[in-house]
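A short write-up of the structure that comes next.
The values are calculated or read from the model by the stated rules, or taken from the named source; none is laboratory data. What you are looking at is a predicted structure, and each value in this text was computed from that prediction instead of being measured. Positions of Cβ are backbone-derived with ideal geometry, glycine not excepted, and every protein chain shown enters the neighbour counts. The area values use the complete protein model at the heavy-atom level, side chains included, leaving out ligands, DNA and RNA. Shrake-Rupley method; radii C 1.70, N 1.55, O 1.52, S 1.80 Å.
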Amino acid sequence: MENGSQRKWQFGGNEELNSAAISVRGALAMLMNNVNNPDDGDHHPQRPTIMLGCGDPTEFRSFWTTQSAVDAVTDALQSFKFNSYCPTGGVLEARRAIAEYLSRDLSHKLLAEDVYLTGGCTQAIEIMVSVLARPGSNILLPRPGYPQYEARASFDHLEVRHYYLLPEKGWEVDLDAVEALVDHNTTAIVIINPSNPCGNVFTYQHLEKIAETAKKLSNFVISDEVYGHLTFGSNPFVPMGKFSSTVPVITLGSISKTWIVPGWKLGWIVKNDPKGIFDKTRIVDSIKNYLDITTDPAAFIQGAIPQIFERTKETFFSNIIGIMKEAADVVYEMIKEIPCLTCPHKPQGSMVVLVKLINT
């Protein structure tokens, strides 16, 4: 009988996946493996841990979603209208509801055809990075930033160039650095607002400067707004789409954070482009073609979106934001009491805060 261990098999894992930049889940798994299985030759019981690296508060009752959202999903399932495959881009009624919901904060009206539904914001990131990954191209990402962008760009052979966020200016974008980094191969400038991981919220004036800079550089902005409206500081949330008359904007978002349902995996890619530049450059064609070869978010979740948006009361959002503000205040004050930690800027939005380790 042939020894299978000695045979040279003609297959193997994709080394691009094994060598790609580390993801959030990958980093957490590595940490937990080292906590529970230290490689020191000794056997240790599982150590107690406090999870500080997961933007999913659903295990806490105070962060459960609204009953009206649960009812909407139940109604969609029991209607038997959403058991089939979805059209490219998503269920029309859901796309229209999202367009109307986002248009409330914009100076222009979005249409259903401007919205493409995705399996959460993570898939939206995957699609946009893949759409832009032409040979020799590069993309500008914030540092500090959300590592999912780097992981996907690495896999797609898209060069990453980092611009810095300035803690002394409330984590604003270093626009001089952006200008220095951009060249004729730059495909897009990514911003995250409200910020993950910094917890800041950009002002209207700063977003306007970002738009003007992108226009000057003949580029467009991808605005990750998954934490949109989850703000509790002095800066209100302003969508980047407000400046689409200056520069075209792709908005990424989802219901995961705002409705506290990350497991429902319903996100979107939205084009804010009144001048039709994304159509002329065939970005829209690339998005549609990618959607044709990937999976869709669950049809019944899509079918529930109009009712979720229509029936969720403002008191749900204000209650969640109130809890977040109280938690942020407590964390910020307690960090001050820890000698080896400092918080460069008090969080004003999202569910995260950036803390710096210092020598004492």
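Selection within the range 184-236: residues that are among the polar types (S, T, N, Q) and out of contact with any Gly (no Cβ under 9 Å at 6 or more places or on another chain). The member of this set that is modelled with the lowest pLDDT is S234. Do we find a residue being outside any helix (DSSP H, G or I), β-branched (V, I, T), open to solvent by less than 60 Å² (accessible area, probe 1.4 Å) and touching a strand residue (DSSP E or B) at 6+ places or on another chain (Cβ under 9 Å) anywhere in the range 313-335? Checked against the condition, which is being outside any helix (DSSP H, G or I), β-branched (V, I, T), open to solvent by less than 60 Å² (accessible area, probe 1.4 Å) and touching a strand residue (DSSP E or B) at 6+ places or on another chain (Cβ under 9 Å), the range 313-335 yields no hits at all. Being among the small types (G, A, S) and on the phi < 0 side of the Ramachandran plot is a condition met by at least one residue of the range 326-336. For E16, the conditions (1) more than 27 Å from I287 (Cβ to Cβ); (2) at pLDDT below 85; (3) surrounded by 10 or more Cβ atoms within 10 Å (Cβ to Cβ) are fulfilled apart from (1).
Quick check on the range 194-217. Is at least one of its residues acidic (D, E), touching a strand residue (DSSP E or B) at 6+ places or on another chain (Cβ under 9 Å) and open to solvent by 10 Å² or more (accessible area, probe 1.4 Å)?
no
Within the range 218-242, the set of residues being among the hydrophobic types (A, V, I, L, M, F, W, C), open to solvent by 10 Å² or more (accessible area, probe 1.4 Å) and either under 13 Å from P194 (Cβ atoms) or more than 20 Å from the chain's Cα centre (by Cα) (or both) comprises V226, F232, F237, V238. For the range 89-113, enumerate the residues that are open to solvent by less than 10 Å² (accessible area, probe 1.4 Å) and more than 20 Å from the chain's Cα centre (by Cα). Passing the criteria: only L110.
With respect to I260, is the statement that it is at positive phi and at pLDDT 95 or above true?
yes
Pick out the one residue from P339, P306, P347 that is crowded, with 19+ Cβ neighbours inside 10 Å and in a loop (DSSP other than H, G, I, E, B). None of the other options fit; the residue is P347.
Hey, among K356, K346, which residue is in contact (Cβ under 8 Å) with a residue 24 or more places away in the chain, in contact with a helix residue (DSSP H, G or I) (Cβ under 9 Å, 6 or more places away or on another chain) and of a type in the set (K, R)?
Going through K356, K346 in turn, just one is in contact (Cβ under 8 Å) with a residue 24 or more places away in the chain, in contact with a helix residue (DSSP H, G or I) (Cβ under 9 Å, 6 or more places away or on another chain) and of a type in the set (K, R): K346.
Applying the set (1) open to solvent by 10 Å² or more (accessible area, probe 1.4 Å); (2) in contact with a helix residue (DSSP H, G or I) (Cβ under 9 Å, 6 or more places away or on another chain); (3) part of a helix (DSSP H, G or I) to V284 leaves exactly one unmet item: (1).
Of all residues in the range 114-133 being of a type in the set (V, I, T) and open to solvent by 10 Å² or more (accessible area, probe 1.4 Å), which is nearest to K271 (Cα to Cα)? Within the range 114-133, the match that is nearest to K271 (Cα to Cα) is V131. All conditions in (1) surrounded by 12 or more Cβ atoms within 10 Å (Cβ to Cβ); (2) closer than 30 Å to K242 by Cβ; (3) at pLDDT 95 or above hold for P57, with the sole exception of (3). Of the residues making up the range 243-255, those that are surrounded by 24 or more Cβ atoms within 10 Å (Cβ to Cβ), farther than 28 Å from V70 by Cα and not hydrophobic (A, V, I, L, M, F, W, C) are S244, P248.
Determine whether P274 is under 14 Å from the mean Cα position of the chain (by Cα), of a type outside the set (S, T, Y) and over 25 Å from R134 (Cβ atoms). So P274 does not fit the description; no. Just wondering, is there one or more residues in the range 136-148 that are buried (at least 18 other Cβ atoms within 10 Å of the Cβ), of a type outside the set (A, V, I, L, M, F, W, C), part of a helix (DSSP H, G or I) and at pLDDT 95 or above? Checked against the condition, which is being buried (at least 18 other Cβ atoms within 10 Å of the Cβ), of a type outside the set (A, V, I, L, M, F, W, C), part of a helix (DSSP H, G or I) and at pLDDT 95 or above, the range 136-148 yields no hits at all.
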